[in-house]
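Trainee: My questions all concern the structure below.
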Amino acid sequence: MKNVVHLHSQISKQTLKTKPTSNKSVASLSLDLDNLWCYLKDNGEQGWQTLPSYLDIVVPRFLDVFKQLDLTITVFVVGQDAAIKKNHQALQAIAADGHEIGNHSFYHNIWLKQYSESEIEQELALAEKHIQQVTGQRPIGFRSPGYSLSSTVLRVLARRQYQYDASTFPTFLGPLARAYYMTTCKLSEEERTKRKALFGSFKDGLQSLKPYQWCMDSNDLIEIPVTTMPIFKVPIHFSYLMYLSTFSPDLALLYFRIALWLCKVTGTQPSLLLHPTDFLSQEDVPELSFFPGMKLPTYKKLLVLRKALKLLSNQFTVLPLGQHAQLLTRVRQAV
């Protein structure tokens, strides 16, 4: 399986729609809780093997933002973090505040789609075990690290009775993002080879922005893509807003307003993505000074973030991905 577009030809799909829960259309929001060690490993930095963590900094910060906005979202947790006692308090606080917990794999290897079926099965099962033990929630949703999706991953998800996947990223810019990544990372040739399909191909921009259903042998699985700007298919999730804000916060928010307007015009239910770096700067985590947008001071990031989230919640009914998937399922069953 070379890429997700080819995958579409192997497993049929059916476009799904929801009925609005109010006079506003539906949107969903999620956070990939990639920890400090994940970023260091992905960039080839030293010291990641000790699994350094910033969850004690970022989790209270993001919980405070969402409590103020009265929003609950989906948080995709890396199983390795759930297996470490020092992270338990932070992860339990997320669940206690009513946020949905999703599976973001155990080892956060961004070449997951290269795994064998048995390896994928073990990866998901191990993550599920530790996530459920710590948070009390068995994940019903999955996002693959690095949007690394294959038909094998989908088969395992369906067999393990997941309700939805959220690993497709419809953009034409994947090859450019990969080229930038390869020029800035500190990886050996062997490690670069593992990541040769990272961020997908140009053809991924042809994927649908609207939710659809993977139709497999015995189980159906809903796909909720990470939304990119309708028509143009350029990224609009919050890490890109943070990067634009280093040039001009007003420009970043204008870009976001245009994206939301295009979502409404095209009938796209936006499913937007956050990362811990949206709540942090190099002042908090000097080790990540190489990451785009980390030079922007934390208080400026949080100001832009709150404004953007307010724009989203004013125009859409914002749900966790699990609730979004349940709405899609009910509509399909009623047809």
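The values are calculated or read from the model by the stated rules, or taken from the named source; none is laboratory data. These figures come from a predicted structure and were not determined experimentally. No Cβ is skipped: glycine too gets one built from the backbone with ideal geometry, and neighbour counts run over all protein chains shown. Calculation scope for accessible area: heavy atoms of the full protein, side chains included, ligands and nucleic acids excluded. Shrake-Rupley method; radii C 1.70, N 1.55, O 1.52, S 1.80 Å.
Trainee: Going through PHE256, PHE291 one at a time, which residue ends up being under 21 Å from the mean Cα position of the chain (by Cα), open to solvent by less than 70 Å² (accessible area, probe 1.4 Å), over 30 Å from PRO211 (Cα atoms) and among the aromatic types (Phe, Trp, Tyr)?
Mentor: Just a single option satisfies the conditions, and that option is PHE291.
Trainee: Is segment 165-175 home to any residue that is modelled with pLDDT of 80 or more, farther than 23 Å from SER105 by Cα, open to solvent by 10 Å² or more (accessible area, probe 1.4 Å) and not in a loop (DSSP other than H, G, I, E, B)?
Mentor: No, segment 165-175 contains no residue that is modelled with pLDDT of 80 or more, farther than 23 Å from SER105 by Cα, open to solvent by 10 Å² or more (accessible area, probe 1.4 Å) and not in a loop (DSSP other than H, G, I, E, B).
Trainee: Specify which of the listed residues (GLN68, GLN49) is closer than 17 Å to LEU312 by Cβ, modelled with pLDDT of 95 or more, open to solvent by 10 Å² or more (accessible area, probe 1.4 Å) and more than 17 Å from the chain's Cα centre (by Cα).
Mentor: GLN68
Trainee: Among the residues in segment 77-88, are any within 18 Å of SER30 (Cβ to Cβ) and out of contact with any helix residue (DSSP H, G or I) (no Cβ under 8 Å at 6 or more places or on another chain)?
Mentor: No, the conditions are met nowhere in segment 77-88.
Trainee: May I ask you to list the residues in segment 94-108 that are closer than 21 Å to GLY200 by Cβ and either open to solvent by 20 Å² or more (accessible area, probe 1.4 Å) or among the aliphatic types (A, V, I, L, M) (or both)?
Mentor: TYR107
Trainee: Let me ask you something else. Please name all residue pairs, on different chains or six or more residues apart, with Cβ atoms under 8 Å, provided the first residue is in segment 159-188 and is without any contact (Cβ under 8 Å) to a residue 24 or more places away in the chain and the second residue is in a loop (DSSP other than H, G, I, E, B) and open to solvent by 30 Å² or more (accessible area, probe 1.4 Å).
Mentor: Hits for this filter: ALA177/PHE199; ARG178/PHE199; TYR181/PHE199.
Trainee: In addition: Taking ASP284, is it touching a residue at least 60 places away in the same chain (Cβ under 8 Å) and over 20 Å from the mean Cα position of the chain (by Cα)?
Mentor: In short, yes.
Trainee: Report every pair of residues separated by at least 6 positions or lying on different chains whose Cβ atoms are under 6 Å apart, first residue within segment 71-87 and in contact (Cβ under 8 Å) with a residue 12 or more places away in the chain and in a loop (DSSP other than H, G, I, E, B), second buried (at least 18 other Cβ atoms within 10 Å of the Cβ) and of a type in the set (S, T, N, Q).
Mentor: Qualifying pairs under 6 Å: ILE73/SER30.
Trainee: From the list THR268, THR171, THR246, exactly one residue is over 21 Å from the mean Cα position of the chain (by Cα) and of a type in the set (Val, Ile, Thr). Which is it?
Mentor: Step by step, each of THR268, THR171, THR246 is checked, and only THR246 is over 21 Å from the mean Cα position of the chain (by Cα) and of a type in the set (Val, Ile, Thr).
Trainee: Oh, and also: Identify, please: which residue in segment 187-240 is within 20 Å of the chain's Cα centre (by Cα), on the phi > 0 side of the Ramachandran plot and surrounded by fewer than 22 Cβ atoms within 10 Å (Cβ to Cβ) and is, among those, modelled with the lowest pLDDT?
Mentor: Among those residues, the one meeting the criterion is PHE199.
Matching residues to (1) in contact with a Lys or Arg (Cβ under 6 Å, 6 or more places away or on another chain); (2) open to solvent by less than 10 Å² (accessible area, probe 1.4 Å); (3) under 25 Å from ASP34 (Cα atoms):
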{"position": "VAL265", "(1), (2), (3)": "no, no, no"}
{"position": "HIS275", "(1), (2), (3)": "no, no, yes"}
{"position": "ASP278", "(1), (2), (3)": "no, yes, yes"}
{"position": "VAL285", "(1), (2), (3)": "no, yes, yes"}
{"position": "LYS295", "(1), (2), (3)": "no, no, yes"}
{"position": "LYS300", "(1), (2), (3)": "no, no, yes"}
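Trainee: While we're looking at this one, here's another question. What number of residues within segment 254-299 satisfy the criterion of being touching a strand residue (DSSP E or B) at 6+ places or on another chain (Cβ under 7 Å) and aliphatic (A, V, I, L, M)?
Mentor: Qualifying residue count for the region: 3.
Trainee: Which residue out of LEU311, LEU303, LEU327, LEU296 is farther than 27 Å from GLU223 by Cα, of a type in the set (A, V, I, L, M) and in a helix (DSSP H, G or I)?
Mentor: Of LEU311, LEU303, LEU327, LEU296, the one residue that is farther than 27 Å from GLU223 by Cα, of a type in the set (A, V, I, L, M) and in a helix (DSSP H, G or I) is LEU303.
Trainee: Please list, ordered by first then second residue, the pairs with beta carbon atoms under 6 Å, 6 or more apart or interchain, first in segment 197-220 and farther than 18 Å from PRO235 by Cβ, second among the small types (Gly, Ala, Ser) and open to solvent by 10 Å² or more (accessible area, probe 1.4 Å).
Mentor: Here the result reads CYS215/SER12, each pair linking segment 197-220 to a residue that is among the small types (Gly, Ala, Ser) and open to solvent by 10 Å² or more (accessible area, probe 1.4 Å).
This table checks each residue for (1) part of a helix (DSSP H, G or I); (2) open to solvent by 50 Å² or more (accessible area, probe 1.4 Å); (3) touching a Pro at 6+ places or on another chain (Cβ under 8 Å); (4) under 30 Å from TYR299 (Cα atoms).
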position	(1), (2), (3), (4)
ILE57	yes, yes, no, yes
PHE62	yes, no, yes, yes
GLN92	yes, yes, no, yes
ILE110	no, no, yes, no
SER118	yes, yes, no, no
ALA125	yes, no, no, no
GLN133	yes, yes, no, no
ARG138	no, yes, no, no
